[in-house]
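This report concerns only the one structure given below.
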Amino acid sequence: MADLEALIKAFSGIGVDENSLISILANSNHEHKKSLRKGYSKFFIEDENGFERLHQSTIKNLKLEFKRFRDAVVLSLLHPWERDARLIEKAMKKGPRHYSVIVEIACTRSSNELLGARKAYHSLFDHSIEEDLASHIKGSERKLLVALVSAYRYEGPKVNDDVAKSEAEILSNAIKNADKRKPIEDEDAIMILSTRSKPHLQAVYEHYNKICGKTITEDLEAEGILKDTVECLCTPATYFTRVLDAALTVDADEESKKALTRVIVTQKELREKEGYVPNKIQGILTGSYKDFILGLVARGEN
Amino acid sequence: MATIDVPHQASFLEDAEALRKACQGWGTDEKAIISVLGHRNAAQRKQIRLAYEELYQEDLIKRLESELSGDFEKAVYRWVLDPADRDAVLANVAIKKISPDHHVIIEISCTRSPEELLAVRRAYQARYKHSLEEDVAAHTKGDIRKLLVALVSAFRYDGEEINTRLANSEANILHDAIKDKAFNHEEVIRILSTRSKMQLMATFNRYRDDQGTSITKKLLGESGDEFLVALRTAVRCLNDPKKYFEKVLRNSIKRIGTDEDALTRVIVTRAEKDLKEIKDLYHKRNSMPLEQVVAKDTSGDYKAFLLTLLGKED
C-alpha cells in the first residue's frame, strides 16, 4: 500500500524524512499502524506472543538516523576549536578504528586552528591533548599521533628542495624496510611527517614519485593511518573525496556516514565542488538532515 | 620577582632621544645606554624601539649592534628583544652549534609557561622560516631528538589539579624505567613532555617519598650519557627552575662546564621574572651575594649592565 511504501522510503537513506513520517503516522489509527507493521518485515517480526516486535538492531539504527540532523546542527554551531577538541577526544576514546579522525584534524587544519583546538581541549578536559593521547594509546600509532597533534608547522612557501629530496629517500627506505620495522614506528618518518611544513611535504611527495615511480600513498596502501597522514598533508582533496565517496554509497557504514557530517561541516572548499556533491546528496540523504547538508553545501561559506 | 628597577612613568620619545644621543658622534656613551635600557621592562623597551624607529627611521637594535661590541653587545642585544623573540634567538643559536646546546633548548621549553613557549614557537617561525621543532629534529638524533622535539612541542595544561593516583603510578613507571639501565625511554619522554607541571611536581614528590632520594639524584650517571644528562636537566627545570638557574650561575662563575653565555643568558632572561629569588638562593648557598661575585668576575660596560639588571644601584 502507498503508506507502507512511503514509510519505508522515509526510513531509507541517510537521515529520516520527518515530514513524511508526520503525514503518515500522525493520523494513523490502531488498525492502520498494525497493517504498516505487518508489511514492514525489515523492521518488524512476528513475535510468538501475538504482536509485531521491532528488531533490536532497528532501534539502534533509528536512533542514529534521527540523531544525524541534531549532530550536524550542533557540530556546525560549535566554535571550530571546541568542535575539533571534542572530535579528537571522542575518536581517541572510541579506539584504533577511529584514529583517522585524529589524523584528519591534526593534518588538515592550519597551524593556528590546531593550536586553538589544543587550547579548547585544556578548557574542556583539564588535560592537554598530547598527554591524553600519549597515555590512552598504547599501540604503534601512539608516537605518530602525539607528534601530529603537537605540530606547529611553518606555513610559508619556502622549501629546501635538496632536503625534500633526501627526505623522500628516507621515507622510501622506511617503507622498503617494512618487514623489519613498521613504517609507522620509524622515527625519521615520524619526524618528517610531523615537523615539516605542508609545502615542504608536497615537495617530498613529488620527489618520492620521481624516485620510486609510485606515489607515497600508493606504497602506503596497507599502512592505515600512516597513509591517511600523507594524504591529508600532501593531497587533502583526494582524502576528502575518498571519505565523501565512501559515505555517499547505499550501504555505507555508520563511521562513513558520521564522516559525511564531519567533512561537510568542517571543510568549506569542498562545498564549492559544483554538481557532484549536491546530486549524490539528493539521492541518498533525506529529511531535515538532507536539507541542512544541502544548505551548507550551497552556501559554501562557514 | 623581577630585579630591575623601573620608573613608573617613562617618556619613550625622551628615551629614544637619549639613546640616539648616546650613539652619535665618535664613540658611544655606554653608561647612558645602560641607564635607559637597564631600567625599562619589556613593554617599555618595545615602545622605545617604536619611538626610535619613528623618529629616526632606523632600527634601534641594528644601531646598537653596530655601536657596541663583545659581551656587552651580546647582552644588550638579547635584553632589547621581546622575550619570545629572545628565546627564539637563543634556541636557534643553541641548535646551530656544531654540538647543539641541549640544555638551552630544555631550559627554554621547560621553564617558560605553556603560553610563553607558544609565543617562542611563533617568534621562531617568523624569524627563521622553519618551525622550532623541525630545526631541533634536523640537528639532533636518537633519543635526545625524541626528548627535545617532544619538549618544545608541548602545550601543557596549565591548571592546578593533581591526580594523586596518576602521580603514584607514573612515579612507579619512572622508577622502573630508571632502575632498568636498558631504560624505557618512551615512557619517560611521554611523562616528562606531556604532563602538566603541577602533575609532574606531584609525581617527583611521590617518587622521593617512595624511593627516599630525589629523582634527580637517581638520574646522576655518566656525564657521557647525553640522554641521561638531558633528562636530568629537564627534571630539574620542571621541578624547581629557580634552583636550576642558581646552579647554572654557580657553575658559570666557577667556570665549570663550557657554557660561556650562561651568565648573560640567565640574568637577561630572568631579570623580569624571578632573578630576585635566584639571587637569594645564590646568597644562601654561597654565602656571598651574586652581585659581588659578578662584579669580581666581569669588567667594564658588561659588568655595569649586568649589575644594573641585577638591581644594583649605580
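Please treat every number below as a calculation from the coordinates, not as lab data. These figures come from a predicted structure and were not determined experimentally. Neighbour counts run over all protein chains shown; Cβ positions are idealised from the backbone, glycine included.
With the Cα gyration tensor of chain B in hand, convert its eigenvalues to equivalent ellipsoid semi-axes via √(5λ) and list them largest first in whole Å.
Output for chain B: semi-axes of 38, 21, 18 Å.
Could you give the nm distance between label points at B:GLU186 and B:MET201, where each point is 7 Å from its Cα heading toward the beta carbon?
The answer from the label model is 3.1 nm.
With the radius of gyration and the Kirkwood radius both derived from the Cα set of chain A, what is their ratio Rg to Rh?
So for chain A, dividing Rg by the Kirkwood Rh gives 1.06.
Using a basic spin-label model with each label point 7 Å from the Cα along Cα→Cβ, how many nm lie between B:SER99 and B:ASP82?
3.5 nm
Using the Karplus curve 6.51 cos²θ - 1.76 cosθ + 1.60 with θ = phi - 60°, work out ³J(HN,Hα) for each residue of the range B:52-65 in order, rounded to whole Hz, and write x for Gly and Pro.
4, 4, 5, 6, 10, 6, 9, 7, 3, 4, 5, 4, 4, 4
If you take the beta carbon distance between B:LYS254 and A:GLU255 as r and set R0 to 60 Å, what does 1/(1 + (r/R0)^6) give as a FRET efficiency, to the nearest 0.05?
Once rounded, the FRET efficiency stands at 0.45.
Once both axes come from the Cα atoms, what is the angle between helix B:12-23 and the longest principal axis of chain B, in degrees from 0 to 90, rounded to 10?
80 degrees
Could you tell me which of rounded, prolate or oblate describes the range B:1-153, using a ≥ b ≥ c as the square roots of the eigenvalues of the alpha-carbon gyration tensor, with rounded for a/c under 1.5 and, failing that, prolate when a/b is larger than b/c and oblate otherwise?
Prolate is the answer for the range B:1-153, as a/c is 1.5 or above and a/b outweighs b/c.
Between A:ILE14 and residues 5 or more places away or on another chain, which pairs have amide H atoms under 5 Å apart, with H built 1.01 Å from N, and which residues are they?
Here A:LEU285, A:THR286 satisfy the definition.
Other chains near A:189-196: what is the mean number of their Cβ atoms within 10 Å of each residue's Cβ?
That average works out to 5.
Could you tell me whether the range B:140-189 comes out rounded, prolate or oblate from its Cα gyration tensor? Rule is a ≥ b ≥ c as square roots of the eigenvalues, rounded for a/c under 1.5, then prolate if a/b exceeds b/c, otherwise oblate. The partial results should precede the final answer.
Details: a/c = 4.81, a/b = 1.14, b/c = 4.20.
Note, shape of the range B:140-189 comes out oblate.
By how many nm would the segment from A:SER123 to A:HIS55 lengthen if fully extended, with 0.36 nm per residue of separation less the alpha-carbon distance?
20.4 nm
No other cysteine beta carbon under 4.7 Å away is the test; run it over chain B and list who passes.
B:CYS23
If packing is taken as the average count of other Cβ atoms within 10 Å, what order do A:86-99, B:138-151, A:282-295 fall into, highest mean first?
Values: A:86-99: 16.8, B:138-151: 20.5, A:282-295: 18.9.
Highest mean packing first, the order is B:138-151, A:282-295, A:86-99.
Taking R0 as 60 Å, what FRET efficiency do you get between A:GLU46 and B:GLU65 from their Cβ-Cβ distance, rounded to the nearest 0.05?
0.10
With runs of 4+ DSSP H residues as the only contributors, calculate the mean residue ellipticity of chain B at 222 nm using -39,500 (n - 2.57) per run, divided by the residue total and rounded to the nearest 500.
Result for chain B, helices only: -21500 deg cm²/dmol.
Write down Rg/Rh for the protein assembly as shown, rounded to two decimals, with Rg from the C-alpha atoms and Rh from the Kirkwood relation over Cα pairs.
1.08
Just checking the output field for B:154-160: average partner chain Cβ neighbours within 10 Å of each residue's Cβ?
6
Given R₀ = 56 Å, FRET efficiency for A:LYS34-A:ARG299 by Cβ-Cβ distance, to 0.05? Don't skip to the answer; put the middle values down first.
Details: r = 44 Å, r/R0 = 0.78.
Using R0 = 56 Å, I get an efficiency of 0.80.
When the helix-only estimate is applied to chain A (DSSP H runs of n ≥ 4, each -39,500 (n - 2.57), divided by the residue count), what is the mean residue ellipticity at 222 nm, nearest 500 deg cm²/dmol?
-21000 deg cm²/dmol
Test of understanding: extend the Cα→C-beta vector of B:LEU13 to 7 Å, then name every residue of the range B:22-65 with backbone N under 19 Å from that spot.
Answer for the range B:22-65: B:22, B:44-58, B:60.
I need the shape label for the range B:1-60. Rule: rounded when a/c is under 1.5, else prolate if a/b > b/c, else oblate, with a, b, c from the alpha carbon gyration tensor. Please list the in-between numbers first.
Numbers: a/c = 2.30, a/b = 1.35, b/c = 1.70.
Taking the square roots of the gyration eigenvalues as a ≥ b ≥ c, the range B:1-60 is oblate.
Round to a whole angstrom and tell me the spacing of the C-alpha centers of the range B:175-251 and the range A:125-198.
So the two Cα centres are separated by 26 Å.
Among B:111-122, A:24-35, how do they line up from the highest to the lowest mean number of other beta-carbon atoms within 10 Å? Don't skip to the answer; put the middle values down first.
Values: B:111-122: 18.8, A:24-35: 11.9.
Most protected by this proxy first, the peptides run B:111-122, A:24-35.
Mind giving me the nanometre distance, one decimal, between the label points for A:LEU64 and A:ASN160, set 7 Å out from Cα along Cα→Cβ?
Result: 4.8 nm between the two label points.
How well do other chains shield peptide A:79-92, expressed as the mean number of their Cβ atoms within 10 Å of each residue Cβ?
Per residue, the number of nearby Cβ atoms from other chains is 0 on average.
By how many nm would the segment from A:SER110 to A:ALA26 grow when fully extended, if each residue of separation counts as 0.36 nm and the alpha-carbon distance is taken off?
Length gained, A:SER110 through A:ALA26: 25.4 nm.
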